[in-house]
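The values are calculated or read from the model by the stated rules, or taken from the named source; none is laboratory data. In this text the structure is predicted, and so the values were computed from the model without any measurement. Glycine gets a Cβ as well: all are built from the backbone with ideal geometry, and neighbour counts include every protein chain shown.
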Amino acid sequence: MKAVVKKSPGFGNVELMEIPEPTPGPYQVKIEVKAAGICGTDIHILRDEYRSVPPVVLGHEVCGQVAEVGEKVTRVRPGDRVTTETYFSTCGVCRFCRSGNPNLCPDRRSIGTHVNGGFTKYVIVPEVNVHKLPDHVDYLGGALCEPLTCCVNGVLENTRILPEDVVLVSGPGAIGLLSMQLAKSMGATAIVCGMSQDVARLKLARDLGADVTVDVQTENLTELVRDLTKGYGADVVIECAGAEKSAQQCLDLVRRGGQYTQMGLFSRPVTLDLNAAVMKNIRITGVFAHVPKAWLRTIALLEEGKVKTRPLVTCQLPLEAWQQAFDKVSAGSECKIVLCP
């Protein structure tokens with residue numbers, strides 16, 4: 001079967017190649033991939049900016065249909081429409097695993113980085129990681145379950161948002177627009193900011209419920225935030241762009257005693273003035289990946305229709321067009337691009 005493979009360390013070294021079709025173990029599920037989202041992490045792996053263990057099939061935002069199950073599997077059966085968590089294995093005994101935070105396990109191995117992921121026809125995952133899709137969520141929308149769960153972990157599990165809070169989301173990509181919807185679900189007023197190249201994504205943000213959108217290259221974000229908050233600043237800022245200038249602006253615009261949550265992954269070390277964080281007594285939280293309980297909230301949110309994922313998919317391409325898809329992601333011309341093997 002064809003797969004998009006990171007063949008060896010270093011910049012690039014990604015190719016479409018033939019690999020053997022896998023067979024599930026006793027407690028494993030074989031998923032026929034129907035849709036797999038391209039994450040910024042995949043681009044970082046391509047550029048050798050994020051650790052992977054080549055040779056490995058890329059892709060961890062996976063949605064599909066159960067094709068085969070191991071002999072000990074009881075929770076799902078062939079034909080079920082499912083999505084999956086990204087962890088292939090963790091140690092299960094460290095303080096992080098025992099506290100419900102396997103995302104922090106030093107021995108964590110994930111699909112798409114350590115073991116073969118979803119940019120291919122079939123992927124093998126542990127039964128415990130599989131979740132059934134709500135009936136009304138199609139495969140394209142289902143491909144965003146994993147990034148939505150990262151946002152649930154960051155915005156709902158690790159950020160305190162109260163009704164009537166003003167929440168600034170910087171970066172109108174998929175993570176930003178999912179985070180905005182979660183903030184709105186908590187009763188907040190949501191501001192989404194981006195650049196002039198993000199005009200289509202800022203419109204999508206408004207369509208999905210953002211109260212205000214701002215082009216920071218043509219509008220004065222600082223004045224707007226101050227006007228909306230009577231000069232106090234945003235109660236919560238969520239940085240989703242992974243950009244130094246964006247992060248500093250978020251630190252500057254959060255109010256005294258407010259919350260700064262870092263969702264975006266920087267491609268390189270950055271320099272930030274943290275004196276404002278000290279003087280304003282703000283809480284800074286970094287969020288990595290997701291935890292099992294966040295997945296339960298994700299499925300519930302989708303079942304209740306409180307978050308929309310399908311509108312974020314603005315481009316779908318066949319597996320053979322992976323290079324074109326990666327180029328589009330790098331250019332920032334789409335919101336979410338999905339490969340359909």
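Things worth noting here:
Residue by residue, here is whether (1) over 16 Å from Ser110 (Cβ atoms); (2) of a type in the set (D, E, K, R); (3) in contact (Cβ under 8 Å) with a residue 24 or more places away in the chain holds:
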{"residue": "Met1", "(1), (2), (3)": "yes, no, yes"}
{"residue": "Phe11", "(1), (2), (3)": "yes, no, yes"}
{"residue": "Glu32", "(1), (2), (3)": "yes, yes, yes"}
{"residue": "Ile45", "(1), (2), (3)": "no, no, yes"}
{"residue": "Asp48", "(1), (2), (3)": "yes, yes, yes"}
{"residue": "Val57", "(1), (2), (3)": "no, no, yes"}
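- In segment 289-313, of all residues being assigned to a loop (DSSP other than H, G, I, E, B) and of a type outside the set (D, E, K, R), the one that is farthest from the chain's Cα centre (by Cα) corresponds to Gly305.
Results for (1) outside any loop (DSSP other than H, G, I, E, B); (2) buried (at least 21 other Cβ atoms within 10 Å of the Cβ), shown as yes or no for each residue.
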residue: Gly92; (1), (2): no, no
residue: Gly141; (1), (2): yes, yes
residue: Leu156; (1), (2): yes, no
residue: Thr159; (1), (2): no, yes
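- Unique match (being out of contact with any helix residue (DSSP H, G or I) (no Cβ under 6 Å at 6 or more places or on another chain) and among the β-branched types (Val, Ile, Thr)) among Val152, Val130, Val137: Val130
- The sole residue among Ala210, Ala183, Ala190 that is assigned to a helix (DSSP H, G or I) and not assigned by TED's automatic domain parsing to the domain that holds Val313 is Ala183.
- The requirement of being surrounded by fewer than 21 Cβ atoms within 10 Å (Cβ to Cβ), assigned by TED's automatic domain parsing to the domain that holds Pro9, touching a residue at least 40 places away in the same chain (Cβ under 8 Å) and in contact with a Ser or Thr (Cβ under 7 Å, 6 or more places away or on another chain) is not satisfied by Pro134.
- Residue check for Gly59: assigned by TED's automatic domain parsing to the domain that holds Phe119, surrounded by 17 or more Cβ atoms within 10 Å (Cβ to Cβ), assigned to a loop (DSSP other than H, G, I, E, B) and not charged (D, E, K, R): yes
- Considering segment 76-88, and only residues there that are at pLDDT 95 or above and assigned to a strand (DSSP E or B), the residue that is surrounded by the fewest Cβ atoms within 10 Å (Cβ to Cβ) turns out to be Arg81.
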